[in-house]
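Notes for the one structure printed next.
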């Protein structure tokens with residue numbers, strides 16, 4: 001039968017392009033929406049991390065590395081603010 005005509009090759013390419021587009025749009029429509037429960041879990045993890053950072057800062061106070069402890073207190077403060085904002089976001093989803 002020989003080689004397919006140019007017209008036929010274009011249609012095949014167009015067909016593939018068309019179906020690849022459908023696959024991409026199908027993947028885009030499967031976006032995951034975060035739940036209040038999942039945000040609450042993240043909030044808890046951030047809180048626990050803040051506690052650990054504060055404990056590390058406490059251990060460094062009164063040592064030659066006290067300046068690192070001061071920096072860790074700033075990190076802990078930022079984590080507290082992040083936890084508060086996560087709590088607000090969680091409530092907004094409920």
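By how many nm would the segment from residue 41 to residue 81 lengthen if fully extended, with 0.36 nm per residue of separation less the alpha-carbon distance?
Gain in length upon complete extension: 12.8 nm.
If neighbour count is taken as other Cβ atoms inside 10 Å, put 94, 31, 77, 83 in order from fewest to most.
31, 94, 77, 83
Using Cβ counts within 10 Å as a stand-in for footprinting exposure, how do 90, 44 rank, fewest first?
So the ranking, lowest neighbour count to highest, is 44, 90.
Each value in this text was obtained by applying a stated rule to the coordinates, not by laboratory testing. Bear in mind that the values here come from a model prediction, so they are computed numbers and not experimental data. Glycine also receives a Cβ, built like all others from the backbone with ideal geometry; neighbour counts cover every protein chain displayed.
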